[in-house]
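The structure under discussion appears below in the form of structure tokens.
The values are calculated or read from the model by the stated rules, or taken from the named source; none is laboratory data. The structure presented is a predicted model; accordingly, all values stated were derived computationally and were not measured. Cβ sites come from the backbone with ideal geometry, for glycine too, and all protein chains shown count toward neighbours. Accessible surface is based on the protein model in full, side chains and every heavy atom, while ligands, DNA and RNA are left aside. Shrake-Rupley method; radii C 1.70, N 1.55, O 1.52, S 1.80 Å.
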2 protein chains.
Amino acid sequence: MRITVLAGGVGAARFLRGLRRAAPEAEITVIGNTGDDITLFGLRVCPDLDTVMYTLGGGINEEQGWGRDAETHRIRAELAAYEASPDWFTLGDKDFATHIRRSQLLADGQPLSAVTAALCRRWQPGVRLLPMSDDPVETHVVLAGSGEEHVVHFQEWWVRMHAATPAAQIVASGAERARPAPGVLEAIEAADVVLFPPSNPVVSIGTILAVPGIRAAVAAKAVVGVSPIIGGSPVRGMADACLAAIGVDTSAAAVGAHYGPELIDGWLVDDQDKAAADDPALAGIEVRALPLLMRDLPATTAIARATLDLALELT
Amino acid sequence: MRITVLAGGVGAARFLRGLRRAAPEAEITVIGNTGDDITLFGLRVCPDLDTVMYTLGGGINEEQGWGRDAETHRIRAELAAYEASPDWFTLGDKDFATHIRRSQLLADGQPLSAVTAALCRRWQPGVRLLPMSDDPVETHVVLAGSGEEHVVHFQEWWVRMHAATPAAQIVASGAERARPAPGVLEAIEAADVVLFPPSNPVVSIGTILAVPGIRAAVAAKAVVGVSPIIGGSPVRGMADACLAAIGVDTSAAAVGAHYGPELIDGWLVDDQDKAAADDPALAGIEVRALPLLMRDLPATTAIARATLDLALELT
């Protein structure tokens, strides 16, 4: 069986850990969001790809959900002593090594997809991890200001500003000119099912879908998504701030309707959102309710299995 | 008083610590060798500049003589896990931060002299530290092989091969096209005296002198050197292997004669080499013998003071 998953960061990585266990024989291809990528201190940082790679490779900081396990922060302190900016993005020492290696390979002329494959040779994540594109796409946030609008990199809004200033607009800058990375369209086309883990529908899944060709390829398949919203709140992160920017309510039903029946065939919501099954906005989408909190690996595996089962049922 | 010093790594850095104490009111400009510089893992490493900067700034690993104090090596282990090469050059975590910051500023388009000044704003070395050139100069070693000759970067010969394979030739590649960095010729011309610390006469002082314009500017001044050879052996490092490559004996007299009376006016040798004072090869050079082992700061300060006193005497 071939499964293709569009992935953001922490939510996707945990879902994938369950999926790998739910379908140990499946060939899983993960298409990772790169809109969050940022160059810091001259080094290329790919937060979502790394979160997936570290989580599936056994190198993640489990409590935090991102970054390396047993991490130290000496480089960061040194850079602060050199008055290097920015000081608001935390990179641990072991994590720095990944960015050094990635930047070295990129500077040697390798595309991000090849570099990601090289890094995964160490981590053996048990899935094929592809960046959505080898071309630069950067998620920018247009801040709603007092008469004046400012644009910041997504990471600056998310990490430095904690998304406290409302976003007037969220733009996947460069997406319209980006091409899917080698293997991306092929992996979608060859997939038996395509799954959306509980990732941010705007800045993770939405950004991947903004790369020309990907949305149409996905829409042609049996697609099931897992709601990242439980009981009106994001399980993690500040997806509500992103949804507000695109005028979508922070509810499982609204996010499912935002994807819409042209794109997804099935939608998993939490038990507490089971009323969504009768929501006319979700007409044409098969809605199932079950416990969606990924509290541990068995719970996550059950969610992944339910997602996969529904997708196979809808094929 | 204005003192200009041509500097290699460890020997120069320690000498400078003594000189700063011997002449606390002097304006000291240090012209550092950059021929040893190397790009590792995509980061620009300047071993000699950093050794001077760390030593005078209080951040050096005292036992080792190079690298940072209280260092750890997590990045290196991570890079090895990624199978990044080379694995023969040891860079500690705190040291990595310096190279990250330097590379970031270089990538922003700043010349090495400006980048060095930026790094020194943190370290406050108490001297003005200038790279010999902002242009790329790389010391290459032509290995004497079995019928065939191979060329390696100096660091590969020095660090990986421990200079065990004899060098047929040592070349300051790019030196002939390099221009002295801004301020270098001015600092030599404005100097009351120019000093050569006990640095490697071939790959440190020799490389600096190979940058067009520097040798002539130095030769016009009162110049005193300190022998890096005591009793027929280098005090530190493998200067003998370098001297052999240029056909110079490993002796205090031979090194003084190699510089020659056109370049240096005075030459300090160790007590055990005092016979050099009567060596006809050193005719035209004022030779003084004194204990030259920089065993601690008072001893080093005495050596620096003697060097400076002789230079002032010869002005």
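Miscellaneous remarks
- Inter-copy separations for residue B:299, label at 7 Å along Cα-Cβ, nm, ascending: 6.7
- Chain A, closest residue to the rotation axis toward B, by beta-carbon, whole angstrom: A:93, 3
- Contact order, relative form, for region A:254-302: 37 percent (alpha carbon pairs under 8 Å, 6 or more residues apart, mean separation divided by residue count).
- Debye intensity ratio I(q)/I(0), log10, region B:1-131, q values 0.16, 0.20, 0.21, 0.22 Å⁻¹ (C-alpha model): -0.78, -1.17, -1.27, -1.36
- Compactness ratio for chain B: Cα radius of gyration over 2.2 N^0.38 Å (N = residue count) comes to 0.95.
- Given charges at Cβ of Lys, Arg, Asp, Glu: chain A dipole, positive-most of A:110, A:51, A:144: A:110
- From the largest down, the protein assembly as shown spans 105, 62, 38 angstrom on the principal axes of its Cα atoms.
- Accessible area of residue B:159 in the full protein assembly, 1.4 Å probe (Å², nearest 10): 40
- Remark: region B:175-249 is approximated by an ellipsoid whose semi-axes, taken from the C-alpha gyration tensor as √(5λ), come to 24, 15, 9 Å, largest first.
- Given charges at Cβ of Lys, Arg, Asp, Glu: the protein assembly as shown dipole, positive-most of A:260, A:203, A:250: A:250
- Averaged over the residues of B:92-104, the number of partner chain Cβ atoms lying within 10 Å of the residue Cβ comes to 6.
- Over chain B, relative contact order from alpha-carbon pairs under 8 Å, at least 6 apart, %: 20
- Eligible lysines near residue B:94 by straight Cα distance, threshold 22 Å, same-chain separation 8 or greater: A:94
- Percent RCO, i.e. relative contact order, over region B:1-111, from Cα pairs under 8 Å lying at least 6 residues apart: 22
- Copies compared at residue A:24 - label distances in nm, ascending, label defined 7 Å from Cα in the Cβ direction: 7.3
- For B:229, B:170, the ranking by accessible surface with the largest value first comes to B:170, B:229, using a 1.4 Å probe.
- Pairwise label distance in nanometres, residue B:117 with residue A:216, each label 7 Å out on the Cα-Cβ vector: 5.6
- Using a 7 Å Cα-to-Cβ projection, residue A:88 label spacings across copies, nm, ascending: 4.6
- Per-atom-type breakdown for the protein assembly as shown gives carbon and sulfur 49% of the accessible area (1.4 Å probe, protein chains only).
- Among A:80, A:245, A:118: highest mean-square fluctuation, GNM of chain A, C-alpha pairs under 10 Å: A:80
- Taking the chain by itself as reference, region A:57-84 contains these residues with an accessible-area loss of 50 Å² or more in the full protein complex (1.4 Å probe, heavy atoms): A:74, A:75, A:78, A:82.
- In Å², nearest 10: area of residue B:66 left accessible to a 1.4 Å probe: 100
- Backbone N under 12 Å from the residue B:275 label point (7 Å along Cα→Cβ), restricted to region B:226-260: B:231-232, B:252-253
- Springs join every pair of Cα atoms under 10 Å in this Gaussian network model of chain B, and among B:64, B:272, B:110 the largest mean-square fluctuation is at B:64.
- A simple spin-label model places pseudo-atoms 7 Å from Cα toward Cβ; at residue B:164 and residue A:85 they are separated by 5.0 nm.
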